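One structure below.
The values are calculated or read from the model by the stated rules, or taken from the named source; none is laboratory data. Owing to the predicted nature of the structure, the values given are computational and were not obtained by experimental measurement. Glycine also receives a Cβ, built like all others from the backbone with ideal geometry; neighbour counts cover every protein chain displayed.
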Amino acid sequence: MLTTDNDAYIQRATKMRLHGISGDAWRRYSDKGNWFYDVQYAGYKLNMCDVLAAIGCVQLAKTIRLWERRCKIAKTYSEIFSRFEELQVPPAGEANTEHSWHLYILRVRPELLTTSRDEFIQELKERGIGASVHFIPLHLHSFYAEKYGYQRGDFPNAEDAYFRCLSLPIFPDMTEEEIGRVAGSVQSLLEQKRIPLAAAS
């Protein structure tokens, strides 16, 4: 879904979603349309089918309720995890903004742990918690490395975020028991893998 109040964006997106064909192509099968059309851009095949549109309309009606539930789960996570120096919780949002909480991305501070982020994720998986990493910096992918010559070290801030982040389960249908199991597993793992404060300093 794309929403915008920019007419130029709307016109461009309307064309790009169906092979870059001129907007008049949508009317060519109606009594007011014309069979002639023009491919104006190298576009895509992104027009939505009616079934998906119907599902989307139903889901839109649930948007606020689903978002409020995600906010509650994120708040619970952050209240628990913010007590641990070994973790960095995601910001809740700045003034006049709202967080969608589509993902709950936690960052570990590996210098305070005896384990890496990857091992942390693996150990959570062994406890039945489906943690993951959603975003790998573009310059670390082979296409961008080969096409543009990017290499590790070119974007240190992106790499720092990447090597420390993990996504925890967050979805509106999570039960309180499931939330507690995720939080408890992270807490238990931290207690096992933390470096004693004296050693860390």
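Scanning segment 9-26 for residues that are modelled with pLDDT under 70 and either farther than 14 Å from ASN47 by Cβ or outside any helix (DSSP H, G or I) (or both) gives a single hit, ASP24. You will find that of ARG194, ARG107, the residue that is charged (D, E, K, R) and at pLDDT 95 or above is ARG107 and no other.
Among the residues of segment 76-88, write down those that are touching a residue at least 12 places away in the same chain (Cβ under 8 Å) and out of contact with any Phe, Trp or Tyr (no Cβ under 7 Å at 6 or more places or on another chain). Give the steps one after another, and end with the answer.
Taking segment 76-88 and keeping what is touching a residue at least 12 places away in the same chain (Cβ under 8 Å), we get 76-78, 80-81, 84-88.
Within segment 76-88, THR76, SER78, ILE80, PHE81, PHE84, GLU85, GLU86, GLN88 meet the criteria.
Inspect segment 120-130 for any residue being of a type in the set (Gly, Ala, Ser), exposed (fewer than 12 other Cβ atoms within 10 Å of the Cβ), assigned by TED's automatic domain parsing to the domain that holds GLN192 and touching a residue at least 12 places away in the same chain (Cβ under 8 Å) and give the result as yes or no. Yes, segment 120-130 contains at least one residue that is of a type in the set (Gly, Ala, Ser), exposed (fewer than 12 other Cβ atoms within 10 Å of the Cβ), assigned by TED's automatic domain parsing to the domain that holds GLN192 and touching a residue at least 12 places away in the same chain (Cβ under 8 Å). Determine, yes or no, whether ALA145 is surrounded by 11 or more Cβ atoms within 10 Å (Cβ to Cβ), touching a strand residue (DSSP E or B) at 6+ places or on another chain (Cβ under 9 Å), modelled with pLDDT under 95 and more than 30 Å from ARG70 (Cβ to Cβ). In short, no.
Every residue in segment 31-49 that is among the polar types (S, T, N, Q) and either outside any loop (DSSP other than H, G, I, E, B) or free of Cβ contacts under 8 Å to residues at least 24 places away in the same chain (or both), please. Full working, then the answer.
First pass over segment 31-49, keeping only residues among the polar types (S, T, N, Q): 34, 40, 47.
Answer for segment 31-49, where residues must be among the polar types (S, T, N, Q) and either outside any loop (DSSP other than H, G, I, E, B) or free of Cβ contacts under 8 Å to residues at least 24 places away in the same chain (or both): just ASN34.
Looking only at segment 155-176, which residues are farther than 21 Å from THR115 by Cα and touching a Pro at 6+ places or on another chain (Cβ under 8 Å)? Within segment 155-176, PHE155 is the sole residue that qualifies. Among the residues examined, GLN122 qualifies as within 19 Å of ARG194 (Cα to Cα) and not small (Gly, Ala, Ser).
Does GLU79 count as farther than 18 Å from PHE171 by Cβ, in the same structural domain as SER167 (by TED's automatic domain parsing), part of a helix (DSSP H, G or I) and in contact with a helix residue (DSSP H, G or I) (Cβ under 6 Å, 6 or more places away or on another chain)? Here the answer is no, as GLU79 does not meet what is asked.
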